[in-house]
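Here is the structure we will look at.
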Amino acid sequence: MRDVRRGSYNGRRRLAAAAFATLVGALLSGAAAAAPSAGAVLPIPAQVLPGDGAYHVGAMLDVRVPARDAGAAAAARYLAELLARLGGPACDVRAGRPATGAIAFERHTGLATEGYALEVRQDGVTIAASSDAGLFYGAVTLSQLLPPPGSPAELPAQRIRDQPVYAWRGLMLDSARHFQSPAFVKSMIDWMAWHKLNVLHWHLTDDQGWRLEIRKYPRLTSVGAWRLPAVVGPPMPRYGGYYSQREVRDIVAFAATRHVTIVPEIDMPGHAQAAIAAYPALGSTDGPPPAVSARWGVHSYLFNPDAATLGFLEDVLAEVVELFPGRYVHVGGDEAVKDQWRASARVRARAHELGRDDPEALQAYFTERMGRFLAARGRRLVGWDEVLRPGLARDAVVMSWHGTSGAHAAAVAGHDAVLAPWPTLYLDNRQSALPSEPPGRTRVISLEDVYAFEPRDPTLDDAGRHHVLGVQANLWTEHIRTEPRLEWMALPRAAAVAELGWSPPERRRWPDFIARLAAFAPRYRALGLHAADSAFAVDARLATSPAGIEVTLANQSRFGEIRYTTDGTEPGPSSARYATPLSLAPGTELRAATFAGPERIATTWSRRLDPESIARRGTGELELCTDGVGLLLEPRRPDGGANGVVAVDIMNPCWIYRGAELGGGASISAAVAPLPFNYELGADLAKVRIGDGNARGAELEVRVDRCDAAPVARLSLPAEPAAATLAAVRLPPLPGRHDVCLRLVRPALEPLWAVEWVEIGE
Ligand code: ACM
C-alpha cells in the first residue's frame, strides 16, 4: 500500500508571557473543573488531583537531586534545558537535600516502570519515580505545566500520578525513500521524547536506497545509497546519503538520553532492490542487475534464498545488533511479491531442497532463520504482519499494518503485536484538504481521525490484550522530500498518537485534547518545530452571487474563534468574529485567522476578492474524480524554482470543478505541468487510464455534469513536456451552475500531466 508547500506560522517566534497565561486560562476554563492545571500537558496524565493553594514560580528554580543519582541528575538537567528552550524560568540544579521551595527529584520504589508521581505544593514540587525514565517523564510534565517568565507565576497545587498504558509508543521514520540528516533524526527523537513517545522504528533500507553503513559490504552504501531521480527533462544529479556507523552510534547514544529505543529495520526478502543493485548476486533473476530505484510502489526484486545470501543478511544483522542495543530488530517482510521466485528455476530448486515449495513458506523460512540468528544474540525479531505464518517464533513481534487485523491474529496466536494500521496511522496521508498541505497522499487523515483511533480491541480476551505492546504511526517518505515537511506531516498528529499510547481511554476526550493542543502551538514555535496548523487553519469557500461575493469560513477542528478584517490589516483578537457567511463587495481584501483567546493559532488566510481570482481554482480547490492512488505531487523540479503542489489520481488523472456558472457561455482554460510516471504498479498498471484509444496527443477532455458524459470541449496539451497555460476554449451555454470534469488523455504513460489550475469565466 505504500505506494504525496509548506505553510508555517508567521507569527512571533516567542509568545509574550502575558498572552500565554491568558491563553491557557481561556483554554482551560471548560476543562478546569475536571483536570486543574493538567490542561496543557500532553499526553494527558492518568490522574490529576487538585490540592490547596499554589506554588510560586520564581525566576530561578532551585532544583535538587539525590546525591550520586545519575538518572535523577540527567532528568533535572533535561528540565533545565527544556525550560531554557521554552523561555521558562532558569534552573539551579544541585545534588543534596531540598530546601523549602525547591523542585526535588526523588526515588520511590513501587511506581510503575516509566511512571512518576508529581506533587505541586505551596512549599515545593516533588517528582518521584522508580526508574530513570519515570523521572525523565516527570520532568517533561513539569516543563509543560510551568508557564514562561512574566506569566502569573502561580502553579496550582496538585498531585499527578501517571504511567503509560502501552510500552510501545512509536513513530516509524522512512529514511530510505528520502534521506534525513543525522541532526534531523536527533531532533525528531528529542521532540518524540517531549511527547513521551519512546520507540523510533527506523526504516533504513528499501528499493530506493540503503542508508546504513555496513563495514563488510561497502557497496551497500557506495552504490545502494544513491539513485538518479525520476524527472521530466534533463537528468538531475544523483540523490542519496547514508548514516555512517559513527553517526548511528551518536544517534543511538542521544536516543538513550531521551529514553527512546531505536528499532532498526532491514527489509527482506522484498524492498531489496537497492541492495541487489549493489550486489547483484543477492537477487533472484539472471537478468541485468537493476539500478537503485527512483520509482514508487511495490517492486519485484527479492533477495534469493541461497545460503550465501542468507549468510550476507546475517552478516548485516550482526553489524546491526552491534550498533543498536535495543531488544528489537525489524526485518520487514512486507509486500514481497513472489513473481521472481516463481520464475527462477534456481530459487525453486533451493525452495524444494528446503522443503518450502510454496513461496509463502519460503518467505517464512527467511523469517524463521533471521529470528533464530537474532534470538541467539538476545534480540527479538519484529516483522510487518506478513510474517505471521505457522512456524513464526513465539517471541517474534508482529507489526499490524493491514488495519488492525494482523495484531488481532498475532495476539490470538500468542505473539506480541504493535498497531500501525493503514490508513489511520499512516502520516503520509495529508491532514486536511487545504492548499497549504505539502506533498503526500490525497486521502485526508485529520488530527481528529488519528485521535479517534482506538487501540483497545474489545474482541480480545485479557491474555490477547496483553500481547498488544502499543501503537505506532508511520512516516513513509516517498513524497515527503524535505525535513520541514516531514515535521509538518508528523506534528501534531504524533501528539495524538502519543496520547493514544500513553493515556488511559477514560482520560482521552477530543474537545479537551484539541484545547490542550492549541496551547501547544506557541510551544512548538518556541522549540522551532514546523507543526502543521491544519486543524485550526481557516478554510474559506468563495462563490460569486448577484449581491457580491459570498464567503464561508470554517476550520477543521471547529475549535477557537475565526476573526477577520476587510481593510487589509492583520486580524487580531478583537477583530470582527465570524459567525455566518459574509457577503462582500468585489475588490475587498479579506483576511481571517483562528484565535484561541488572544492567541492566533494558525496562519492568516488572505485573499483579494475579485471575480477573476474566484473563477480560477488551484488544484487544491478541485476534486479528484476517482480515488485510485491519489497523490499530492510537486510538478516543478526541485532544481527548478518555486514548488507548487498538484493533486492527481495517478490511476485516472481527472479533476472536477464544482458549481461553474455556465449560463452565459463560459470559457475554460487551465495550466498544466508534466510529471514523471515513476510508479511500480504490477498488474494494476493495466488499470491506468491513458487514452481510451485517443492517439492525437495529450489533451484534457471537458465534460459537464458527469465525468462519463460525451466531451463538450478539449484543451490541447503542448507537444513538449513543459509547464504550460492552455489556450482557452468556449463551453456551450447551459443555464445555471454545473460541475465540469477535466480528464487527461494521453498517448503514453510518460509523461503524466497534472492540472495546476482551472479557470472558468466569462
Ligand atoms: C507497509 O506499508 N508496506 C508496511
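When you count the other C-beta atoms within 10 angstrom of each residue and take the mean per peptide, 481-488, 681-688 line up highest first as 481-488, 681-688. Toward the positive end of the charge dipole of the chain, with +1 on the Cβ of Lys and Arg and -1 on the Cβ of Asp and Glu, the farthest Cα among 328, 554, 130 is that of 130. By the rule of a C-alpha distance below 16 Å, with chain neighbours fewer than 8 residues away ignored, the lysines paired with residue 196 are 186.
D by Stokes-Einstein for the range 504-645, Kirkwood Rh over Cα pairs, 4 °C, 1.567 mPa s: 74 µm²/s.
Measuring from each cysteine beta-carbon in the chain, the ones with no other cysteine beta-carbon under 4.7 angstrom are 91. Net length available on complete extension from residue 346 to residue 306 is 13.5 nm, with 0.36 nm assigned per residue and the Cα-Cα distance removed. In the chain, helical runs assigned H by DSSP with n ≥ 4 each contribute -39500 (n - 2.57); averaged across all residues and rounded to the nearest 500, the mean residue ellipticity at 222 nm is -7500 deg cm²/dmol. Distance between the 7 Å Cα→Cβ label points at residue 612 and residue 506: 6.3 nm. Extents of the range 610-762, taken as max minus min of Cα coordinates on every principal axis and listed largest first, are 45, 35, 27 Å. Just to be sure I understand the curve: with the Debye formula and one point per C-alpha of the chain, what is log10 I(q)/I(0) at q = 0.07, 0.11 Å⁻¹? Summing over Cα pairs of the chain leads to -0.56, -1.25.
For the range 158-222, applying the loop criterion from DSSP together with a ceiling of 12 other beta carbons within 10 Å to the trypsin sites (Lys or Arg not before Pro) yields 215, 216. The residue among 713, 241, 565 whose Cα reaches farthest toward the positive pole of the charge dipole of the chain, with charges on the beta-carbon of Lys, Arg, Asp and Glu, is 241.
For residue 291 and residue 122, the FRET efficiency from 1/(1 + (r/R0)^6), where r spans their Cβ atoms and R0 equals 60 Å, is about 0.30. When the alpha carbon gyration tensor of the range 424-526 is reduced to an equivalent ellipsoid, its three semi-axes come out at 26, 17, 12 angstrom, largest first. Could you check the spin-label model distance between residue 56 and residue 705? Points 7 Å from the Cα along Cα→Cβ, value in nm. My value for the distance between the label points is 7.7 nm. Put a plus charge on the Cβ of each Lys and Arg, a minus charge on the Cβ of each Asp and Glu, and nothing anywhere else: the dipole of the range 361-484 about its Cα centre is then about 520 debye.
Placing +1 on the Cβ of every Lys and Arg and -1 on the Cβ of every Asp and Glu, with no other charges, gives the chain a dipole of roughly 1120 debye about its Cα centre. Under 12 Å from a label point set 7 Å out along the Cα-to-Cβ vector of residue 167, the amide N atoms of the range 353-393 belong to 380.
Each residue, residue 626 and residue 112, gets one label point 7 Å from its Cα in the Cβ direction; the gap between the two is 4.8 nm.
Rounded to two decimals, the Cα-based Rg/Rh of the range 84-168, with Kirkwood Rh, is 0.97. If the chain linking residue 375 and residue 541 were pulled fully straight, counting 0.36 nm for each residue of separation and taking away their Cα-Cα distance, it would gain 54.0 nm.
Within the chain, antiparallel bridges make up roughly 60 percent of the DSSP beta bridges whose residues both belong there.
Values quoted throughout were computed directly from the atomic coordinates according to the rules given, and no laboratory measurement underlies them. Computed from a predicted structure; not experimentally measured. In this analysis, Cβ positions are derived from the backbone assuming ideal geometry, glycine residues included, and neighbour counts consider all displayed protein chains.
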